[in-house]
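In what follows, a structure is listed as structure tokens, so that the remarks can point back to it.
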Amino acid sequence: MADAIAVRGLVVDRGGRRVLHGIDATVPRGSVTGLLGPSGSGKTTLLRAVVGVQVIAAGTVTVLGAPAGSPPLRHRVGYLTQAPSVYADLTVRENARYFATLHGRDRAEADRAVADVGLASAAGQLVGTLSGGQRSRASLACALVGEPELIVLDEPTVGQDPVLRADLWARFHALAATGTTLLVSSHVMDEAARCDRLLLIRDGRLIADDTPAAVRAAAGVDDLDEAFLRLIRAAEPDPSGEAR
Amino acid sequence: MNPRILAATVGRILRQLRHDRRTVALLVAVPTVLLTLVYYMYADQPAPPGQPSTFDRIALVMLGFFPFIIMFLVTSIAMLRERTTGTLERLLTTPLAKTDLLFGYGIAFGLAGAVQAGIASAVAYWVFGLQTAGSSALVIMIAALNAVLAVALGLLCSAFARTEFQAVQFMPVVVAPQLLLCGLFVPRDEMAGWLQAISDVLPLSYAVEALQEVGTHAEPTGTMWRDVAIVAAAAVLALVLAAATLRRRSG
């Protein structure tokens, strides 16, 4: 089957600085792919290019067989921005229902998305009065509500307690089992182990595109955090010497 | 545009407004308070012979100003909030068309402006005895149209603002010259030629002229309908320009 996302030679400049230096990567359909890398490495920029809101300098991004951001894809792709992008002066339910309507879904589906992120009891609360973790789950509900074929999530589990994080990851895998493709960014290495595949990015360059097991094997260590460090050192013999 | 998405967007914006009780209270109360000030300012001023009283002349034009000033500010900030909170970026990845969003704001805040104008007009006519030769319904219609124009200008200007500080600065830039040159302070035909020329290209001048027509003519005049059409066209033009400056992709 064709890949859900194919990125070829992607170059992006932001604010006069090169942020992505020619990324080549693919994301298979029906999988959970983790996009891992330190803060400032270009994760959000890559995700923005995938959902088609990023101006790109060179390269192509093909999503579900169409150019990223093309109108037919807007029904098929769900996007969670890094900062919770929901209306603080609406309730959780009103937010979910609005985004459901944009995707042609009904109220029942909006309410189900709210329940799926564990906010059923807070559905009538204004988003502005929620805790940070609840607020980002409200935002997540709005990304899941249209049952998109591709879900792009920028750090969805930040600020969530361990139990909720485990629940959310279980939910991501349940979605993948039904054929949905998920691309999930994180800078927490212990989440990498939960992914089917990993894209490791540093300073705008891809340094690994493999399964967690293969990344461990390539680095020769069991711990993914340590494996990531070794891959960085292997890619850049003198990391301190490189101009930023 | 998609009617279902447009309707949902109008509903969403009005729901946001409804949850913000203090803003609703300010929208309703401020015009009444200001009209009260104007009423007592001119209470002892004699009316020029054969002309409407000073209060009638000024209050009528002010009924058009309130929705214009307030909806411009409200819209600039609301649209900037969409940008800074990331909701705009997310909306642009959904099936929502740019015109759904912009006309959604135009309709929602246009309705809010109409309600505001309705309440302010009720106070002006019933409490302060405002007299106009023409119908109060026309006054409210023109005031509501001013609200739509202000929303459209606010949406367009918010494209050029990156922060709230910048957005608020557009108010003196866009609103103040239109207030000064609209003909309330100095009749337009008594201004210097170059001021008249500027006044001629500012849409609020036509809204004020339309209100003055209602003030002095029992039946709607051709001039009034022409002015209404100009204001409506300016609003649509500003909305189209706002759509053209709204980019799905950004750096």
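The values are calculated or read from the model by the stated rules, or taken from the named source; none is laboratory data. Fair warning: this is a prediction, and the values are worked out from it, not measured in the lab. Quick reminder, even Gly has a Cβ in these numbers, built from the backbone with ideal geometry, and neighbours come from all protein chains shown.
Tally time: how many residues in the stretch A:23-54 are within 14 Å of another protein chain (Cβ to nearest Cβ) and either of a type in the set (Phe, Trp, Tyr) or surrounded by fewer than 23 Cβ atoms within 10 Å (Cβ to Cβ) (or both)? Number of matching residues: 3.
Checking each residue of the stretch A:101-112 against the condition of being over 27 Å from B:Val10 (Cα atoms) and more than 10 Å from every other protein chain (Cβ to nearest Cβ) gives no match.
Of the residues making up the stretch B:91-106, those that are under 12 Å from B:Thr75 (Cβ atoms) and either more than 14 Å from chain A (Cβ to nearest Cβ) or among the small types (Gly, Ala, Ser) (or both) number 3. Inclusion of A:Val86 among residues that are more than 14 Å from the chain's Cα centre (by Cα), at the interface with another protein chain (Cβ under 8 Å from one of its Cβ atoms) and at pLDDT 95 or above is warranted. Selection of helices (runs of 4 or more DSSP H) fully inside the stretch B:1-90 by the criterion of at least 1 residues being away from chain A (no Cβ under 14 Å), hydroxyl-bearing (Ser, Thr, Tyr) and crowded, with 17+ Cβ neighbours inside 10 Å returns B:21-41, B:54-84. Listed by first and then second residue, the pairs with beta-carbon distance under 6 Å, at least 6 apart or on different chains, first residue in the stretch A:39-65 and touching a residue at least 60 places away in the same chain (Cβ under 8 Å), second in a helix (DSSP H, G or I), are A:Val63/A:Leu73. Can you name every residue in the stretch A:153-167 that is surrounded by fewer than 22 Cβ atoms within 10 Å (Cβ to Cβ) and either on the phi > 0 side of the Ramachandran plot or not in a loop (DSSP other than H, G, I, E, B) (or both)? A:Gly159, A:Pro162, A:Val163, A:Leu164, A:Arg165, A:Ala166, A:Asp167 - these are the residues of the stretch A:153-167 that are surrounded by fewer than 22 Cβ atoms within 10 Å (Cβ to Cβ) and either on the phi > 0 side of the Ramachandran plot or not in a loop (DSSP other than H, G, I, E, B) (or both). Within the stretch B:13-31, residues that are over 16 Å from B:Pro67 (Cβ atoms) have Cβ atoms under 6 Å from residues that are at pLDDT 90 or above and charged (D, E, K, R) in these pairs: B:Arg15/A:Glu94; B:Gln16/A:Asp89; B:His19/A:Asp89; B:Asp20/A:Asp89, counting only partners at least 6 apart in sequence or on another chain.
Annotation for the stretch A:127-143: no member residue is within 30 Å of A:Val11 (Cα to Cα), surrounded by fewer than 22 Cβ atoms within 10 Å (Cβ to Cβ) and either over 17 Å from the mean Cα position of the chain (by Cα) or not assigned by the TED database to the domain that holds A:Ala6 (or both). From the residues in the stretch B:141-195 that are closer than 24 Å to B:Phe103 by Cβ and β-branched (Val, Ile, Thr), which one is farthest from the chain's Cα centre (by Cα)? The qualifying residue farthest from the chain's Cα centre (by Cα) is B:Val174. Looking across the stretch B:127-149 at every residue that is surrounded by fewer than 24 Cβ atoms within 10 Å (Cβ to Cβ) and touching a Phe, Trp or Tyr at 6+ places or on another chain (Cβ under 6 Å), the one that is nearest to B:Gly113 (Cα to Cα) is identified as B:Ser136.
Take the conditions within 23 Å of B:Leu138 (Cα to Cα) and outside any helix (DSSP H, G or I) and apply them to B:Ala229. Does it pass?
Details: within 23 Å of B:Leu138 (Cα to Cα): yes; outside any helix (DSSP H, G or I): no.
No; evaluated as a whole, the condition is false for this residue.
For the stretch A:1-79, the strands (runs of 3 or more DSSP E) that sit wholly inside it and include 2 or more residues that are over 28 Å from A:Val145 (Cα atoms) and out of contact with any Cys (no Cβ under 8 Å at 6 or more places or on another chain) are A:5-14, A:17-27, A:58-63.
Yes or no, residue by residue, for (1) in contact with an Asp or Glu (Cβ under 9 Å, 6 or more places away or on another chain); (2) farther than 17 Å from A:Ser139 by Cβ; (3) assigned by the TED database to the domain that holds A:Leu199:
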position: A:Val7; (1), (2), (3): yes, yes, yes
position: A:Val11; (1), (2), (3): no, yes, yes
position: A:Leu36; (1), (2), (3): yes, yes, yes
position: A:Ser39; (1), (2), (3): no, yes, yes
position: A:Arg48; (1), (2), (3): yes, no, yes
position: A:Thr62; (1), (2), (3): yes, yes, yes
position: A:Leu90; (1), (2), (3): no, no, no
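Conditions (1) under 17 Å from the mean Cα position of the chain (by Cα); (2) outside any helix (DSSP H, G or I); (3) surrounded by 24 or more Cβ atoms within 10 Å (Cβ to Cβ), marked per residue:
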residue	(1), (2), (3)
A:Arg105	no, yes, no
A:Gly124	no, yes, no
A:Ile151	yes, yes, yes
A:Phe172	yes, no, no
A:Ala193	yes, no, no
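Between A:Leu46, A:Leu119, the distinction of being touching a strand residue (DSSP E or B) at 6+ places or on another chain (Cβ under 7 Å), at negative phi and not basic (Lys, Arg) belongs to A:Leu46 only. The set of residues in the stretch A:89-98 that are of a type outside the set (A, V, I, L, M) and either at positive phi or more than 7 Å from chain B (Cβ to nearest Cβ) (or both) comprises A:Thr91, A:Arg93, A:Asn95, A:Arg97.
Here the stretch A:174-191 is the region considered, the condition is being under 17 Å from A:Pro38 (Cα atoms) and touching a helix residue (DSSP H, G or I) at 6+ places or on another chain (Cβ under 6 Å), and the residue that is surrounded by the most Cβ atoms within 10 Å (Cβ to Cβ) is A:Ser185. None of A:Leu20, A:Leu73 is closer than 30 Å to B:Ala78 by Cα, within 14 Å of chain B (Cβ to nearest Cβ) and surrounded by 16 or more Cβ atoms within 10 Å (Cβ to Cβ) except A:Leu73. B:Leu246 passes every criterion in (1) away from every other protein chain (no Cβ under 14 Å); (2) over 30 Å from B:Pro52 (Cβ atoms) apart from (1).
State all residues of the stretch A:113-122 that are surrounded by 18 or more Cβ atoms within 10 Å (Cβ to Cβ) and in a helix (DSSP H, G or I); if no residue qualifies, say none. Those that are surrounded by 18 or more Cβ atoms within 10 Å (Cβ to Cβ) and in a helix (DSSP H, G or I): A:Ala113, A:Val114, A:Asp116, A:Ala122. For the stretch B:107-126, residues that are crowded, with 22+ Cβ neighbours inside 10 Å and either away from every other protein chain (no Cβ under 14 Å) or free of Cβ contacts under 8 Å to residues at least 24 places away in the same chain (or both) total 9.
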